[in-house]
Structures are given as structure tokens and as C-alpha cells.
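Participant: Here it is, the structure, as C-alpha cells.
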Amino acid sequence: MADCLASLEGLAQQIVVVDTNSSDRTLEIAKTYGAVISQPADWPGFGPQKNRALDLATEEWVLSLDADERLTPALRSEILTAIHHSAHINCFAIPRLSWFCGRFIRHSGWTPDYVDRLFKRGSARFSDDLVHERLIPNGEVAKLQNHLLHFSFMNMAQVQEKMERYSSDSAKQAFLKGRKGSPMQAFFHGLWAFIRTYIVRLGFLDGPQGISLAFANAQGSYYRYIKLWRMNQAARSNQKPPKEDFKISVIVATYNWPEALKLCLLSLTKQTDTNFEIIVADDGSGAPTKAAVDQIAAQSAIRIEHVWQEDDGCRKTRIANRGIAASQGSYLIFIDGDCIAQPDFVSQHRKLAQKNYLITGSRILLSERLTKKLLELGLWNFADFKKNILAYRVAGDINKVLQLIIKRGDGHWRNFKRFVWRRIKGCNMACWKNDALAIGGFDESLVGWAHEDADFVFRLEHHGVHRKSGSWSTEVIHLYHRVRDQSLNDVSIEKLNAKIQKMRGLT
């Protein structure tokens, strides 16, 4: 700690130290350098702990360091130059040179090792990861040239202690994200960690330390997956198997297109899974829509409820919330009334349903010509439709075929690691009702073309709900229609981005 703080001389106007239950001279040393000291009793993980320090910073620029890192005089000089001549740069990545048991490591995947550490206050936050946290900057990142020295491991005892601690935290982090593990995975990941470090990344050029580091990486990777496997084993033994008979509510959003709604409802009444209800969330349609709903409801054994509100502009968020309030199921699937569901649509969503997760599905687009043909027919028979999909594809009447034939199961590949706008479709989403209620449902201040679906997904993820892709499993068949007025699209995106930045604490 003393060497770290001493290396900041002539650079730092404020020093912030956040310490949780140190038993050495850390706080005594920090006080001699006039540091602002915070002593939280709990340890939330590296990412949240660094954000605690960030919240105490008051200067324009922030340099984040660990206690085992040092600035060289050259790097200190380069940082001073950078922050005084960086009109358009808010963040800098610094190359780090790490020490391992007697030497600086020049290969083994440790060099080059750029870390985002220097940034303008308010332009970045750290991720909430327990370990291997990362800075999330808002804007361009430039690179500095001089090295940050990292005295990570002084001896093998430190290696062993840190490997044990990090593998436990990494396993816990993966477990909380719903990931699995197995002895076979542990073996092959450990083997690959050694090969990658020692051979692929030229660790043999680092001498005896290179092979020691390769073995340490292999051991850490092996233990991470073994511990993850054991956590899942313990969870299965301590919990009853999840019930698959939970009631589902399919909420269908519609507005003045009864011909399309009829095909949507017909497809839903022909599902292989029948433990669900249908809530038609109607944003002010006229009498023909009510007649279409009543006709299908009279013929169906599935409960269909029609929730209507007066037409006062596009208020999809408000009617969606009324649909949620009217639902009786514990799991919600959102679909638009211009979409046709495959017979296993509800069944596939049920298979992917998982506590603390939401699903964002995808769609298969139909041409204007094929849409007109189906609407004129006024009937829906998936078997007949599927017989002709190759002809439809050749004729350009459908943009996907394989997704109607191949259905992939659940897996880690479906999980999104962070919030992204990509593939968020309000016409095909699902989440637990309790999660939707916990965030207050859809934001009713969003009207018109306002990306309310992306807003809903972001707020769920911000609440701690993970996102999972429903692609290659839950595709809906989307009828063609002209794109509605998107004149406010850029304004809506700007507003939502501002909201995201505010909720993330970046503004």
C-alpha cells in the first residue's frame, strides 16, 4: 500500500481508500497520505467495491489502482500530459506489466494487458462482477504507452491463496447467472488453460515462471468448474424440482386489425400446451375487433379475456399494464396481434422459463403478397403452411425457413452478458409476472413509437433479471404491414439512452 500511494506523488489531488476489515497497517498508511477512507463492513465483490470508491471521488479525473500496483515516473508524466490535452477523450487504457514469483511476465497472455483505469469522473462505472470486474466507459478509449507495474504474486503461497479465492468467487458468479459445470468440463477447461498459456501464448519463453503460471491457470480453471458443478449439485439436492405446470398468460397487443388478430388467436387456440390463458390487450379498437375476439372465444376451450381502453393515441404501455393486471398466470408471454404462433409456441416458452430470467424471442417475416393471401383465407393451418415453406422462401415470401424446422434446447449460449438493444422485439417477449410487477410494468409515460419494449427489458435487467434469447425456439410468424410513423424514433432513442445512463449512475 505504501509503495502504491507513494507512486502517486505529484499526481493525485485526492486519494480515496475503501477498505473492508483489513488487519494490517493499511488504514494507518492511508491516513499518512491524507486519504479519504471508507470502511464498509461487507464485501460485495470487486466491482461494487470499486464503485463505492468512485462515489467518493470529487476531482475531474479518476485513476483506479489496486494496492499491488505502482506508477512509474514515466507513466505519471504521461498521465499528466494526457489529462491536460484530451479534449475529446474521456477514458484511457494503460498497459500493465505483471510480476509473477521473481520476474515480470512478457508472454503467457499477460502482455500486452491493457486495463481501462484513467477516466473522467461521471463518464464510466465498474461492472457489478464479483471478480474480473471491468470498467464500462461511455465514449472513446485511447491508449497510453508507459506501463503500470503490477506486483500480483510474490511467491507460490500467494498464488495458491488467490487461486483458491478467485475460483470460488468465479464459480459463485457463474452459479448466480444460471450456468452449469461438470467434472468433464473442469478437466478439459483446465487442460486447455495450460495449453493456451504455455504453448499458444508462448508461456515457455517466460522460463520457470511460465510453466508455473500455466499450471496455476490450469488449476484455477479446473477448480472453478468443479466448484460450480458442486454448487449446482447442492442446489438440486436442497430444492424440489421446479414445477412445469405453472399457469401462463399470453398477452396479445392489438389495434384495429381484426383480420390479423383472428389468425393470431386461431394459432393460439391450437397450441400443444393448453395450460395458459389469452388476454387481448386492445388499445381502442372498434367493434369489428370485439366481434373477432368474441367469435374465437366462443369456439375455444382456452380462456380469452378482452381488455379494452378508449382510443386516445398509441398508449400500448398502458393497455399492456392493464393486460398484466387482468392476467391470472404466474408467467407472461407478450405477443402482437399481427403475429401467428407456431403450435409449440407456448410449450417452447415454458421450456425456456427460468427464475430470474426474461426471454426475448424473434420473428419470421412474411411478404405483403403472402400476408394478403392468408388474410383473405381467414383460416390458419400450420401443417399446410409448413408444407410450402421452401416454395415461399424461393419466391421471397418468407425470410427464414430453418427456424420452422429446427428447434434448439436451452443452454448458456442463450444468455446475454449485458444489456444490448439487439433483438428486443415487443411482439415476442416473456417474463415472470412478479418481476414485471416489481418494476411497475411498462413505463406509461412512453407513448407512440417510444421503444417501450427496450425500456421494459432494460429495467428488468437493472432490477437483476437476466436476459435469455428465445431464438431457434419461439419464433413467431409476423404478418406484413407498412412501417408505422417513426418520425420520433431518434428522439425516443435519445430519451431512452439518457434514462439508461441515469439509472446506471453515469450522469
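Participant: Dividing the alpha-carbon radius of gyration of the range 1-150 by 2.2 N^0.38 Å (N being the number of residues), what value is obtained?
Facilitator: Normalised Cα radius of gyration, the range 1-150: 1.02.
Participant: If you don't mind, there's one more thing I want to ask. Can you divide the C-alpha Rg of the range 334-480 by 2.2 N^0.38 Å and report the result to two decimal places?
Facilitator: Ratio of Rg to 2.2 N^0.38 Å for the range 334-480: 1.11.
Participant: In the range 17-109, which GluC sites (Glu not before Pro) are in a loop and have at most 14 other Cβ atoms within 10 Å, using DSSP for the loop call?
Facilitator: E59, E60
Participant: A further question on this structure: Can you give the charge dipole size of the chain about its Cα centre, rounded to the nearest 20 debye, using +1 on the beta carbon of Lys and Arg and -1 on the beta carbon of Asp and Glu? Before the final figure, lay out each step's value.
Facilitator: Details: 67 positive and 54 negative charges, 314 e Å.
Using Cβ point charges on Lys, Arg, Asp and Glu, the chain gives about 1500 debye.
Participant: Nearest 5 percent is fine: what portion of the DSSP beta bridges confined to the chain is antiparallel?
Facilitator: Approximately 45 percent, going by the DSSP bridge assignments.
Participant: State to the nearest 20 debye the size of the charge dipole of the range 149-305 about its Cα centre, where the only charges are +1 on K and R beta carbons and -1 on D and E beta carbons.
Facilitator: 760 debye
Participant: Would you work out which of A383, G329, L352 lies farthest towards the positive end of the dipole of the range 310-384? Charges go on Cβ: Lys and Arg +1, Asp and Glu -1.
Facilitator: L352
Participant: What percentage of the solvent-accessible surface of the chain, computed with a 1.4 Å probe over protein heavy atoms, is contributed by carbon and sulfur atoms?
Facilitator: Details: 13560 of 25390 Å².
So the carbon and sulfur contribution to the accessible surface is 53 percent.
Participant: Which of the GluC sites (Glu not before Pro) found in the range 205-313 are in a DSSP loop and have at most 14 neighbouring Cβ atoms, other than their own, within 10 Å?
Facilitator: E244, E310
Participant: Residue farthest toward the positive end of the dipole of the range 1-134, with Cβ of Lys/Arg at +1 and Asp/Glu at -1: which of L8, I37, Y114?
Facilitator: So the residue furthest toward the plus end is Y114.
Participant: Here are a few candidate values for Rg/Rh (Cα atoms, Kirkwood Rh): (1) 1.05; (2) 0.97; (3) 0.99. Which one was actually calculated from the structure I just gave you?
Facilitator: Step by step, Rg/Rh (Cα atoms, Kirkwood Rh) for this structure corresponds to label (1).
Participant: Would you tell me the accessible area of W229, worked out with a 1.4 angstrom probe on the heavy atoms of the protein chains, in Å² to the nearest 10?
Facilitator: 80 Å²
Participant: Pairing the Cα long axis of helix 46-56 with the longest principal axis of the chain, what angle in degrees results, from 0 to 90 and rounded to the nearest 10?
Facilitator: So the helix axis and the longest Cα principal axis differ by about 80 degrees.
Participant: Would you mind working out the accessible area per residue for the chain, using a 1.4 Å probe, and quoting it in Å²?
Facilitator: 50 Å²
Participant: Can you tally the net charge around H88? Count Lys and Arg as +1, Asp and Glu as -1, for every other residue whose Cβ sits under 13 Å from the Cβ of H88.
Facilitator: Result for the neighbourhood of H88: 0.
Participant: Right, here's the next one. Can you give the relative contact order of the range 1-82 as a percent, counting alpha carbon pairs under 8 Å and 6+ residues apart?
Facilitator: Rounded, it is 40 percent for the range 1-82.
Participant: Then there is this: In the chain, with Lys and Arg counted as +1 and Asp and Glu as -1 at Cβ, which of these residues, L176, L402, I364, has the Cα nearest the positive end of the dipole, that is, farthest along it?
Facilitator: Checking the options against the dipole of the chain, the answer is L402.
Participant: In the range 340-427, which trypsin sites (Lys or Arg not before Pro) are in a loop and have at most 13 other Cβ atoms within 10 Å, using DSSP for the loop call?
Facilitator: K355, R408, K417, R418, R422
The values are calculated or read from the model by the stated rules, or taken from the named source; none is laboratory data. In this text, all values refer to a predicted model and were calculated from it rather than measured experimentally. All Cβ positions, even for glycine, are placed from backbone atoms using ideal geometry, and neighbour counts span all protein chains on display. The area values use the complete protein model at the heavy-atom level, side chains included, leaving out ligands, DNA and RNA. Shrake-Rupley method; radii C 1.70, N 1.55, O 1.52, S 1.80 Å.
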